[in-house]
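A.B. asks: Here it is, the structure, as C-alpha cells.
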Amino acid sequence: MDSNTQSCENPEINSTEEQSEVSRSPFATASLSLSSLPTTLPTQFFIQPKILSLFAPTQVKVPTQASSLSSLSLSSTSPSPSPSKSSFKSTFANNPLQSPLSLAPRRPLDPSNGAAIRRASIVWFRNDLRVHDNECLYTANNESMSVLPVYCFDPRDYGKSSSGFDKTGPYRATFLVESVSDLRKNLQARGSDLVVRIGKPESVLVELAKAIGADAVYAHREVSHDEVKAEEKIEAAMKEEGVEVKYFWGSTLFHVDDLPFKLEDMPSNYGGFKEKVKGLEIRKTMEALDQLKGMPSRGDVETGDIPSLTDLGLNPTATMAQDGRQSVSATMAGGENEALQRLNKFAAECQAQPYKGSKDCSRDSIFGANFSCKISPWLAMGCLSPRFMFDELKKTANRTISATSNRNDNGSGSPDTQMNWLMFELLWRDFFRFITKKYSCAKVGTAPATACTGALA
C-alpha cells in the first residue's frame, strides 16, 4: 500500500505536522476559482481509499453541481498533491453533494408577498353604509391582517345653520342612525364589528390609528365642499402620523376613472354629459364578503354605543305628527337590509307589470312620470349601490324581455324601455354628483373657478 493510502487510512499520522502548519497559518483558507480548477480531481477526494483499487480509471469527473461553488475551503496551504494533509473530513462528506456548505446563496422570500399585507387598517365609513359592492371594505380586508371599521357622527353636521335651519333634520338623522345600526349588525354577522364615535373624524381617526398601530385608512371619496375639506384634514393629520390614506370611488353608476373626459372638462349640462358617456361600460359589482378580518387586538378599542337623537342635539318628538302618530317619512327604516328588500320588491313589481307604455313613459304603468322606485334615500346613504341596483333590475328586465320576445306589443314600445328609464334616472344622479365634485374641487382664483362662475351664470 502506498504512502498516500496509508495517510488516508490513518488520519492521525503526522497530525503534529498538520497542526503546526494550521497554527502557523490560522487563516489558510484559500479561495480557488473553478476556472482554474482541473476538470478532474483524484479519486481520493470522493472514494474510500480501501476500495480505491477496485475503480478504474484512477480519476473521476467532478459532478456538474460543483459548478455552483464559488470557492473551496482548504485547511492547509501545502502544495503537496497528496490529500493526506487536507482535513476534508471536517468540511466535505464523502459525496460533495451532501456537503453541509451551501452551494448557492439562499434567496430571500418574495418581498411583494409580505409588503402587501398591512398589520392593521381602518375603514372609515361615510355615505357607503353597506357591505355589498363596497370596494373600500373589500380592498382593506384583502390587504390587512386586521380591520377596524369606524363611523363618526361629526358634530359639525348637526345643530343650526347660519339661516336658522337644522343642518340634519330629525327624519334624516333617524334614518342615518338606523342605517349605522344595521351596518353594525351586518359586520358582526361576518366576524367583525363597527366602532361608533361622536366627534370630528380628523381627531377620532388619528386617536384610533395610534391605539391600534394602523398602517392605513381606507375610505370612499365624497363630493360636497364640506366633505372634500374633511378629506383634506384627514390627509394632513394622517401624514403627520405616517399613516397612508387610500380613497376609493363607489357612489355613482359610472366610475369617475372611467369617464371619457377629465373631471374639470366635464360638460356643464346634462345633455352634453349624457352624450359623452353614451356606450360607456359599467364596472362589475363586488359581492359581499362572507367573512371579514377580525378587529385589531392591540389597543383594546371599545366599539361604543350608537347615539340617539338626543345625543345628536335633536328633539325626538319632532318626528311625531300632531296627532301623535309617526309621519310617513318616519316609517322608512334605514339600513342595507331594508334597501335590498325594497329593491327585490320593486324588481318583482317590474316583472309582474312589464312596461306597456310609449317610449316617453307617458302611459299609465309603474314606470310612469308620477311613479318612483322610492329607493333614493338608501342610495343617498350608500345603503344600496347604484351599480348593484342596475344589475338586479337588468336581470329582471332580461327575464321580462325573454318572456315577451315572442309576443306582439302592438307597437307600444320595446320591453326594455324600463331599463332605459332606470338608466335615465341614474344618469341624472351621476351628473349631479360629478358636477358637484368638479366645482367643489375648483380653487378660487384658478382657471377652473373662472370657468365655473361663467358656466353657472
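A.B. asks: So which pairs qualify, if the first residue must be in the range 179-195 and over 17 Å from F153 (Cα atoms) and in contact (Cβ under 8 Å) with a residue 12 or more places away in the chain, the second must be of a type in the set (A, V, I, L, M, F, W, C) and part of a loop (DSSP other than H, G, I, E, B), the Cβ gap must be under 6 Å, and the two must be at least 6 apart or on different chains?
C.D. replies: Here the result reads N186/V131; L187/L194; R190/L292; G191/L292; S192/L292, each pair linking the range 179-195 to a residue that is of a type in the set (A, V, I, L, M, F, W, C) and part of a loop (DSSP other than H, G, I, E, B).
A.B. asks: Tell me, yes or no, whether the range 286-294 has at least one residue that is in contact with a helix residue (DSSP H, G or I) (Cβ under 9 Å, 6 or more places away or on another chain), under 29 Å from L427 (Cβ atoms), in contact (Cβ under 8 Å) with a residue 12 or more places away in the chain and surrounded by 15 or more Cβ atoms within 10 Å (Cβ to Cβ).
C.D. replies: Yes, the range 286-294 contains at least one residue that is in contact with a helix residue (DSSP H, G or I) (Cβ under 9 Å, 6 or more places away or on another chain), under 29 Å from L427 (Cβ atoms), in contact (Cβ under 8 Å) with a residue 12 or more places away in the chain and surrounded by 15 or more Cβ atoms within 10 Å (Cβ to Cβ).
A.B. asks: I would also like to ask the following. Filter the range 217-236 for residues that are in a helix (DSSP H, G or I), touching a strand residue (DSSP E or B) at 6+ places or on another chain (Cβ under 9 Å) and among the hydrophobic types (A, V, I, L, M, F, W, C) and give the result.
C.D. replies: I234
A.B. asks: So is V131 surrounded by 19 or more Cβ atoms within 10 Å (Cβ to Cβ) and either touching a strand residue (DSSP E or B) at 6+ places or on another chain (Cβ under 8 Å) or not in a loop (DSSP other than H, G, I, E, B) (or both) or not?
C.D. replies: In short, no.
A.B. asks: For A211, only one of the following conditions fails: (1) out of contact with any strand residue (DSSP E or B) (no Cβ under 8 Å at 6 or more places or on another chain); (2) without any contact (Cβ under 8 Å) to a residue 12 or more places away in the chain. What is its number?
C.D. replies: Unmet for A211, out of (1) out of contact with any strand residue (DSSP E or B) (no Cβ under 8 Å at 6 or more places or on another chain); (2) without any contact (Cβ under 8 Å) to a residue 12 or more places away in the chain: (2).
A.B. asks: Using the structure shown, decide if A173 is more than 19 Å from G250 (Cα to Cα), part of a helix (DSSP H, G or I) and more than 26 Å from the chain's Cα centre (by Cα).
C.D. replies: For A173, the condition - more than 19 Å from G250 (Cα to Cα), part of a helix (DSSP H, G or I) and more than 26 Å from the chain's Cα centre (by Cα) - is met.
A.B. asks: Right, V150: outside any helix (DSSP H, G or I), closer than 25 Å to D300 by Cα, at pLDDT 95 or above and under 23 Å from the mean Cα position of the chain (by Cα) or not?
C.D. replies: So V150 fits the description; yes.
A.B. asks: Now, a different point. Condition first: closer than 23 Å to Y218 by Cβ and in a loop (DSSP other than H, G, I, E, B). Now tell me which residues in the range 248-279 satisfy that.
C.D. replies: W249, G250, S251, T252, L253, F254, H255, L259
A.B. asks: Separate question: For the structure I just gave you, tell me whether G279 is of a type outside the set (S, T, N, Q) and either at pLDDT 95 or above or under 28 Å from T174 (Cβ atoms) (or both).
C.D. replies: Considered against the rule, which asks whether it is of a type outside the set (S, T, N, Q) and either at pLDDT 95 or above or under 28 Å from T174 (Cβ atoms) (or both), G279 comes out as no.
A.B. asks: Do we have any residue at all in the range 363-371 that's modelled with pLDDT of 75 or more, part of a loop (DSSP other than H, G, I, E, B) and among the hydroxyl-bearing types (S, T, Y)?
C.D. replies: No, the range 363-371 contains no residue that is modelled with pLDDT of 75 or more, part of a loop (DSSP other than H, G, I, E, B) and among the hydroxyl-bearing types (S, T, Y).
A.B. asks: Anything in the range 196-213 that is crowded, with 19+ Cβ neighbours inside 10 Å, in contact with a helix residue (DSSP H, G or I) (Cβ under 7 Å, 6 or more places away or on another chain) and either aliphatic (A, V, I, L, M) or part of a loop (DSSP other than H, G, I, E, B) (or both)? List them, or say none.
C.D. replies: Answer for the range 196-213, where residues must be crowded, with 19+ Cβ neighbours inside 10 Å, in contact with a helix residue (DSSP H, G or I) (Cβ under 7 Å, 6 or more places away or on another chain) and either aliphatic (A, V, I, L, M) or part of a loop (DSSP other than H, G, I, E, B) (or both): V196, L205, V206, A209.
A.B. asks: Quick check on the range 334-354. Is at least one of its residues of a type in the set (D, E), at pLDDT 90 or above and more than 28 Å from V195 (Cβ to Cβ)?
C.D. replies: Within the range 334-354 (the criterion being of a type in the set (D, E), at pLDDT 90 or above and more than 28 Å from V195 (Cβ to Cβ)), the answer is no, since none of the residues qualifies.
The values are calculated or read from the model by the stated rules, or taken from the named source; none is laboratory data. Being a predicted model, the structure only gives us computed values, none of them experimental. Glycine gets a Cβ as well: all are built from the backbone with ideal geometry, and neighbour counts include every protein chain shown.
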